[in-house]
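Following: one structure in structure tokens, then a few remarks.
Any read-out appearing in this document is the output of simple, stated calculations on the displayed coordinates, not a laboratory observation. These figures come from a predicted structure and were not determined experimentally. Cβ: placed from backbone, ideal geometry, glycine included. Neighbour counts: every protein chain shown.
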Amino acid sequence: MKVLYVCTANICRSPAAAALLREAGLPTVEVVSAGTQAVVGSPACSIVRELPGHDSQPLTAGLIESADLVLTAAREHRTAVVEMYPAARTRTFTIRQAGRLAQWLLDAGMVDAARHGGDFEDGDPRRLVAALPATAQARASWVVEELDAARGMAPAPVAPAPNGRRWSRRVVEPQGHPDDVPDPHVLGTSWHAVAHEQLRESTEQVVGLLRAVL
């Protein structure tokens, strides 16, 4: 399974996310990253410069075509991916969106239902899940297909508003939309900690699904 991470310059969010997924040590998962406005050969930013051998690369249609799953830092990058390669729409998600959907698939019992089946009532989303295939490549495809299907079933992201009320996905968080990882190179270096924590949490959610399926 090949996973492509995308951000703007490919010097901060996407290489950091790619490193987190590599650290999970999933033997059947290959990880690459690119940027929608990357300058070839730019090193990672000072905060993530410890990443060995990272040189930025621009996003290309070829990179998208070769990826089984495309994860982007923000919705604008998701849009850029789909505009460049429309066939990738169903396998392209923001990083936080993929984490949220992966966690829902686990919590809702979709993986267990795919593995063991069951007698589910009408309206139960587990009635709709496809059986888990036998081969690793087919299971990788299952993950992507079920993440895509979950877009219409999982609860929408909800974030706390500054005044203590709650709002829907139509209203943004102070640092941006709940499906976006903030850009520390726009908002300021103090946002690196926030961005890294969001990347870590979302990666753990995706890894949890991959470990359960692959």
TODO: Express in nm, to one decimal, how much length is gained between Glu23 and Ala134 on full extension, taking 0.36 nm for each residue of separation and deducting their alpha carbon distance.
DONE: 37.4 nm
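Based on Cβ point charges of +1 for Lys and Arg and -1 for Asp and Glu, what charge dipole magnitude is obtained for the chain about its Cα centre, in debye rounded to the nearest 20?
Value, rounded to 20: 260 debye.
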Open item on the list: Name the residue from Gly208, Leu26, Gln57 whose Cα lies farthest towards the positive end of the charge dipole of the chain, charges +1 on Cβ of Lys and Arg and -1 on Cβ of Asp and Glu.
Closed with: Gln57
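Just to verify a number: FRET efficiency for Val40 and Leu106, C-beta to C-beta distance, R0 = 35 Å, to 0.05? The partial results should precede the final answer.
Numbers: r = 38 Å, r/R0 = 1.10.
It comes to 0.35.
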Open item on the list: In Å, what Kirkwood hydrodynamic radius results for the range 1-133 from the alpha-carbon pair distances?
Closed with: 16.0
Task: Kirkwood-Stokes translational diffusion coefficient of the range 82-151, alpha-carbon pairs, 20 °C, 1.002 mPa s, µm²/s - done: 165
TODO: Compute the distance in nm between two label points, each set 7 Å from the Cα along the Cα-to-Cβ direction, one at Asp148 and one at Arg89.
DONE: 1.0
